[in-house]
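Q: Sharing a structure below in structure tokens format, with a few things to ask.
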Amino acid sequence: MSADKPWAGRFTQATDPRVEIFTESVSFDQRLAPHDIRGSVAHATMLGRCGVLTADEASTIVSGLERIAEQIGAGKFQWDTALEDVHMNIERRLTEQVGEVGKKLHTARSRNDQVATDLRLFMRDAIDETGAALDRLSETLLDLAEREADTIFPGHTHMQVAQPISFGHHMLAWREMIQRDAERFADARRRTNRMPLGAAALAGTPHPIDRHITAELLGFDGVCENSLDAVSDRDFAIEYCSCASLLLVHLSRMCEELVLWTSAAFGLIELPDAFCTGSSIMPQKKNPDIAELVRGKSARVIGSLQTLLVLMKGQPLAYNRDNQEDKEPLFDSVDTVLACLRVFTPMVAALVVRKDRALAAAAQGFATATDLADYLVMRGVPFRDAHAVVGRCVRRATDAGCDLADLPLTDLQAESDVIADDVYAVLTVEGSVAARDHIGGTAPNQVRAAIARARSDV
């Protein structure tokens, strides 16, 4: 039996080569190396302070780990799948470099609490990077909303023109989604930032350790209070994927709108050439492929969430080897989220609204019909009666092949004698947008006020 295996003493047969291939994880978990080394440095430092290791032993181990970190960073570290995982590869190299004292690093810990700690360190960094990317997107949407606060745009319900809005107001709606996403990731970070190290395999350790020293060295807010839960919990990974799934749902919805708006049928915006592609056969095509890909990549992030939920649902306490399968979907979710944000943000920043088309579209479909109903209500007509009046006016306009604003005053007054010639002021799309002048409304001055509030909260 190879002495390379940390559990070799119990076994009399060499591991079947097929099992070696099936069980190795270093091909993908090596990306945890910086976090593994950081955790090991903190662990060795704590063991030295507590007297479990001598000061010289702790110093030798820390120096060896730092040299390994430099080798990995320079691409000079040779990973060996026969050593299974990132932890054993680093520990083996440490022992080669500093001698027998390297074997003392694993005192008072297990790979169970070690990998749980590495993952939490990785996830903490991932959440911070995701949060920074969301902040950039949020600021981009604020800039776009400010630039287009006065731009009239069609608002839709049921994919039918419903009421005219400010395009800036629509961008602020996108930002509301992104802000909630940022809040969810920040909240998830609090639960992620608890340290499992010291739980050992599942029951803790008899060695006189001080977990709070390690937690402070690693920047954790505190320690996981129960050793069983500490090594087996993957809630933090599931929570990241949950937050990521909802974020990608939001980005997907935004991309769906971009795809629609750029189509010939809508023609409301132009995306920059740098974020579109063409066709291999149709020379006239300008395809919104980036928006489509972001929309499509939401599926894999949602799939990763499903994978982790199913992975965990049948596991008894404490650690089970099933949890080796948590890393690839988790890593893929992080990479996909960041990749999507890196292309979506500059693409949106450079979009151009076709204001003439947007204004014309906003006037279609009797978009100011609700304004006429509100006009009647303000003159004492009960809303339900006003609704019926406006419905008859719309029928007149439909029969005449014109918009409400083009109906003669006599036709409007034939449906209600409270209508006067001032009605045409509320039947314009500009008047409709300006009338929604309250917090949360689409009036341009409210859009600018919302932007100012958002920037003052940063």
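The values are calculated or read from the model by the stated rules, or taken from the named source; none is laboratory data. This is a predicted model, so every value here is computed, not measured. Here the Cβ is made from the backbone with ideal geometry for all residues, glycine too, and neighbour counts use every protein chain on show. When the accessible area is computed, the model is the full protein with side chains, heavy atoms only, and any ligands, DNA or RNA have been set aside. Shrake-Rupley method; radii C 1.70, N 1.55, O 1.52, S 1.80 Å.
Q: Probe of 1.4 angstrom, ligands and nucleic acids ignored: what's the accessible area per residue over segment 234-362, in square angstrom?
A: It amounts to 45 Å² per residue over segment 234-362.
Q: At a 10 angstrom cut-off on C-beta neighbours, averaged per residue, how do the peptides 34-46, 300-312, 405-417 rank from highest to lowest?
A: Numbers: 34-46: 23.2, 300-312: 18.5, 405-417: 14.9.
In decreasing order of mean packing, 34-46, 300-312, 405-417 become 34-46, 300-312, 405-417.
Q: How large are Rg and Dmax for segment 124-276 when only the alpha carbon atoms are used, in Å?
A: According to the Cα coordinates of segment 124-276, Rg and Dmax are 22.3, 72 Å.
Q: Let me ask you something else. Multiply the residue separation of LEU260 and ASP399 by 0.36 nm, subtract the distance between their alpha-carbon atoms, and state the gained length in nm to one decimal. Before the final figure, lay out the partial values.
A: Working: separation 139, 0.36 × 139 = 50.04 nm, distance 2.95 nm.
Once the chain is fully extended between LEU260 and ASP399, it gains 47.1 nm.
Q: Tell me which residues come under 5 Å, amide H to amide H, from VAL223 once H is placed; ignore anything under 5 positions away on its chain.
A: So VAL223 has HN proximity to MET195.
Q: If you don't mind, another one. At a probe radius of 1.4 Å, what is the per-residue accessible area of SER25, in Å² to the nearest 10?
A: 10
Q: Also, I was wondering about something else. Please compute one quarter of the surface area of the Cα convex hull for the chain and express it in square nanometres. Working shown, then result.
A: Numbers: hull surface 120.0 nm².
Computing the convex hull of the Cα atoms and averaging its projections yields 30.0 nm².
Q: Can you give the extra length, in nm with one decimal, that the chain gains between ASN287 and HIS387 once fully stretched, where that is 0.36 nm per residue apart less the Cα-Cα distance? Walk me through the numbers before you get to the answer.
A: Working: separation 100, 0.36 × 100 = 36.00 nm, distance 4.19 nm.
Taking ASN287 through HIS387 to full extension adds about 31.8 nm, to one decimal.
Q: Sorting HIS158, HIS387 by accessible area (1.4 Å probe), largest first, what list results? Walk me through the intermediate numbers first.
A: On the way: HIS158 170, HIS387 105 Å².
The ordering from most to least exposed comes out as HIS158, HIS387.
Q: Where does each of VAL52, VAL115 land when they are ordered by accessible area, with a 1.4 Å probe and the largest first? Spell out each step's value before the answer.
A: Values: VAL52 40, VAL115 10 Å².
Solvent-accessible surface, decreasing: VAL52, VAL115.
Q: Another question about this same structure. Test of understanding: express the Cα radius of gyration of segment 345-458 as a ratio to 2.2 N^0.38 Å, with N the residue count.
A: On the way: Rg = 17.3 Å, N = 114, 2.2 N^0.38 = 13.3 Å.
Here the answer is 1.30, to two decimals.
Q: Counting chymotrypsin sites (Phe, Trp or Tyr not before Pro) as exposed when in a DSSP loop with at most 11 other beta carbons within 10 Å, what is the longest stretch of the chain free of them?
A: It runs 12-458.
Q: Hey, what angle do you get for helix 86-98 against the long axis of the chain, alpha-carbon based, 0 to 90 degrees rounded to 10?
A: 40
Q: Rounded to the nearest 0.05, what FRET efficiency is calculated for ARG321 and ARG136 with R0 set to 45 Å and r the Cβ-Cβ distance? List each step's numbers first, then the result.
A: Working: r = 39 Å, r/R0 = 0.87.
Calculated transfer efficiency: 0.70.
Q: Could I ask something else about it? So how far, in whole Å, is the C-alpha centre of segment 404-436 from the one of segment 96-128?
A: Computed from Cα coordinates, the inter-centre distance equals 72 Å.
Q: Applying 1/(1 + (r/R0)^6) with R0 = 41 Å to the Cβ-Cβ distance of ARG67 and GLU183, what FRET efficiency is obtained, to the nearest 0.05? Walk me through the numbers on the way to the answer.
A: Values: r = 41 Å, r/R0 = 1.01.
It comes to 0.50.
Q: Taking the dipole about the Cα centre of segment 147-268, with the C-beta of Lys and Arg at +1 and of Asp and Glu at -1, give me whichever of ALA215, CYS255, PHE266 is farthest to the positive side.
A: PHE266
Q: Put a dot 7 Å past each Cα toward the Cβ at ALA420 and ASP437; how far apart are the dots in nm?
A: 1.8
Q: Turning to a different aspect of this structure: Under the 0.36 nm per residue contour assumption, what length would be gained going from the current alpha-carbon distance of LEU228 and ALA360 to full extension? Working shown, then result.
A: Values: separation 132, 0.36 × 132 = 47.52 nm, distance 6.37 nm.
The span from LEU228 to ALA360 would gain 41.1 nm if fully extended.
Q: Determine the equivalent ellipsoid of segment 24-78 by diagonalising the alpha-carbon gyration tensor, then write out the semi-axes as square roots of 5 times the eigenvalues, largest first, rounded to whole Å.
A: Working: eigenvalues 117, 31, 11 Å².
Ellipsoid half-lengths, sorted descending, are 24, 12, 7 Å.
Q: Another question about this same structure. For segment 217-275 and segment 15-75, write down the distance between their C-alpha centroids in whole Å.
A: 31
Q: Can you pull the percent of the chain's accessible area that's carbon plus sulfur, 1.4 Å probe, other chains left in place? Mind dumping the intermediate values first?
A: Values: 11430 of 21520 Å².
Carbon with sulfur: 53 percent of the solvent-accessible area.
Q: Okay, moving on. How large is the translational diffusion coefficient of segment 17-126 in µm² per second when you combine the Kirkwood radius over alpha carbon pairs with Stokes-Einstein at 37 °C and 0.692 mPa s? Don't skip to the answer; put the middle values down first.
A: Values: Rh = 14.2 Å.
Once the numbers are plugged in, D ends up at 231 µm²/s.
Q: Using only Cα atoms, figure out Rg for segment 254-405 and give it as a multiple of 2.2 N^0.38 Å.
A: Working: Rg = 24.8 Å, N = 152, 2.2 N^0.38 = 14.8 Å.
Scaled against compact globular proteins, the figure is 1.67.
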